[in-house]
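The values are calculated or read from the model by the stated rules, or taken from the named source; none is laboratory data. Just so we're clear, the structure is a prediction, and the values are computed from it rather than from any experiment. A quick note on method: Cβ atoms are made from the backbone with ideal geometry, for glycine too, and the neighbour counts reach across all protein chains shown.
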Amino acid sequence: MAQFHKLRHNCAIILLNGANFVMSSTINLLSSIQASKSGLTLAELLIEHPDIARRTAQRFIAKLIKNGQVTALGAGRARRYFSAGIQTDKPIPSTTRDIFPSFIPLSADSQDILIYIDQSPEARKPVGYQRDFLDAYSPNETWYLSDSLRRQLHKMGRTADTDQPAGTYSRAILNRLLIDLSWASSNLEGNTYSRLDTRELIEHGTAARGKAAIETQMILNHKTAIELLVENIDSAEFNRYTLMNLHSALAENLLPNPADEGRIRQHAVDIGKSIYHPLSTPQQIQDALDALLDKANQIRDPFEQSFFIMVHLPYLQPFADINKRTSRLAANLPLFRANLCPLTFLDVPDQAYSRATLAVYEMTRVELLRDLYVWAYERSTQEYLAIKQDLAEPDPLRLAWRDFIKQTIREVIIHPESDPFASIQQSVIEHIPEFEQSNVQALIIDELRRLHEGVLARYGVRMSEYTVWKAAHGR
């Protein structure tokens, strides 16, 4: 009998607690709605009250509407809830979706993220680096990109070179890739070079008039970094060596302290327009970076690997600056290796990209960046499909002797005291079969005549070496 009374008492407590939760939750929702003159969507209410489940909130709001305490206007996710005492015949404020590019399809989760991100910084909660976000990811078990999305991306990005050695496709389209990726990635950083300006700079070494030197440097740095990846595709992987050298190439002559080029950050940094505070202790940054690279190397799917880097590298902020640029180029490494169409970021709106990265920084949410990544990749592949027939076939002779040609040009430049043409002729005689000597020699001379500062990294030549050689030979 005593046990029965105890059980009845416990049940009464549970019912009372449940009733209290219903009452307090309903009051909290009503208070939020009453406090907003422009009304609130369900997504906005859930952000304010994360302890209330979506279906539970819908049920409580329906009861408030039935009781005449709340009115609703609009339909679907745009439906807004108002206090019954507020006039709702005024135009409804533009939703977040209205000011985000309408041509980029967004999931419901991304819609919710945008509502939070588009609040003023003062209304968002300051946060620091969450190591659990990285630790919770298990390669080939955790997926940021669903199976269906990965299949879609593979279908979009497949090229005729899929079964060829790593890097075959990226080398074949290198000239176009250098222009597109250098321009689009720089444009996301506010660079005002046009695509045509970028082409003139990369192909002919001609800087655009009226542009700041920093903009020209940024384009040339992208070119060098892309060539670094493509030329070393056989050995490049996600390790410190690749990442540091990629950052160094992108950062050359752009950082206040040159010692920060290609080096782990030694000081705290702030993120503009964000309340996110990255790690500030060098040892913690290094430990997290090693864990990040280790996980990245284990990921087997090239798109998941690419997207993982785009999420976690900027989030960690391992460098003093130029983290997002580094992540955009590093995200192409798995695609280059798999002979897939590259991700060039063509036509990606800077505000969309900024918001997507803010969602990772401040919410550790990847859905908005994921939606943007998929759209951006489709846009890149559409560009490829449009130009595919215009791509010139690589010169088989130049391809067969590419390493020899580059090494010969390097030797010519670093020995300005020697006669260039005599050096080329001697090298060709010593290393090239007689029946191909004249053609290979002509190729080398042609490349030497077209040499300019924008292509020096291709030959492993420093600007200082080129300047001395040019002065010696009247170029």
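Among the residues examined, Ser182 qualifies as in a helix (DSSP H, G or I), touching a His at 6+ places or on another chain (Cβ under 6 Å) and closer than 30 Å to Asp197 by Cβ.
Here is a yes/no grid of residues against (1) closer than 28 Å to Ser248 by Cβ; (2) free of Cβ contacts under 8 Å to residues at least 60 places away in the same chain:
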{"position": "Pro420", "(1), (2)": "no, yes"}
{"position": "Ile445", "(1), (2)": "no, yes"}
{"position": "Leu448", "(1), (2)": "yes, yes"}
{"position": "Leu451", "(1), (2)": "yes, yes"}
{"position": "Ala457", "(1), (2)": "yes, no"}
{"position": "Met463", "(1), (2)": "yes, yes"}
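Any residue at all in the range 255-263 that is on the phi > 0 side of the Ramachandran plot, assigned to a loop (DSSP other than H, G, I, E, B) and buried (at least 17 other Cβ atoms within 10 Å of the Cβ)? Within the range 255-263, one or more residues are on the phi > 0 side of the Ramachandran plot, assigned to a loop (DSSP other than H, G, I, E, B) and buried (at least 17 other Cβ atoms within 10 Å of the Cβ).
Residues considered: Pro126, Pro101, Pro121. Of these, the only one that is in contact with a strand residue (DSSP E or B) (Cβ under 8 Å, 6 or more places away or on another chain), loosely packed, with under 15 Cβ neighbours inside 10 Å and either at pLDDT 75 or above or within 16 Å of Gln351 (Cβ to Cβ) (or both) is Pro126.
Filtering the range 134-168 to residues that are surrounded by 14 or more Cβ atoms within 10 Å (Cβ to Cβ), assigned to a helix (DSSP H, G or I) and within 21 Å of the chain's Cα centre (by Cα) leaves Leu134, Leu149, Arg150, Gln152, Leu153, His154, Met156, Gly157. Here the condition is being more than 17 Å from Tyr129 (Cα to Cα), surrounded by 20 or more Cβ atoms within 10 Å (Cβ to Cβ) and without any contact (Cβ under 8 Å) to a residue 24 or more places away in the chain; of Ser306, Ser380, Ser327, it holds for Ser327 alone. Kindly indicate whether any position in the range 362-378 is of a type in the set (S, T, N, Q), at pLDDT 95 or above and part of a helix (DSSP H, G or I). No - not one qualifying residue is present in the range 362-378.
Of the residues making up the range 203-242, those that are within 15 Å of Ala330 (Cβ to Cβ), assigned to a loop (DSSP other than H, G, I, E, B) and either out of contact with any helix residue (DSSP H, G or I) (no Cβ under 9 Å at 6 or more places or on another chain) or not small (Gly, Ala, Ser) (or both) number 5.
Consider the range 330-339 and keep the residues that are assigned to a helix (DSSP H, G or I) and buried (at least 22 other Cβ atoms within 10 Å of the Cβ). The one that is nearest to the chain's Cα centre (by Cα) is Ala330. Would you mind stating whether Asn245 is outside the structural domain of Glu453 (by TED's automatic domain parsing), part of a helix (DSSP H, G or I) and without any contact (Cβ under 8 Å) to a residue 40 or more places away in the chain? So Asn245 passes the test. In the range 435-468, of all residues being over 22 Å from Leu228 (Cα atoms) and among the charged types (D, E, K, R), the one that is farthest from the chain's Cα centre (by Cα) corresponds to Glu436. Residues that are touching a helix residue (DSSP H, G or I) at 6+ places or on another chain (Cβ under 6 Å) and either more than 15 Å from Val428 (Cβ to Cβ) or modelled with pLDDT under 90 (or both) do not occur anywhere in the range 382-393.
For the range 227-259, the set of residues classified as touching a Leu at 6+ places or on another chain (Cβ under 8 Å) and more than 25 Å from Asp294 (Cβ to Cβ) consists of Glu227 only.
Quick one: in the range 176-226, of everything that is of a type in the set (Asp, Glu) and surrounded by 18 or more Cβ atoms within 10 Å (Cβ to Cβ), which residue is farthest from the chain's Cα centre (by Cα)? Among those residues, the one meeting the criterion is Asp197. When restricted to residues that are exposed (fewer than 14 other Cβ atoms within 10 Å of the Cβ) and of a type in the set (Lys, Arg), the range 264-303 contains 2. Are any of the residues in the range 330-351 at positive phi and of a type in the set (A, V, I, L, M, F, W, C)? Yes, the conditions are met somewhere in the range 330-351.
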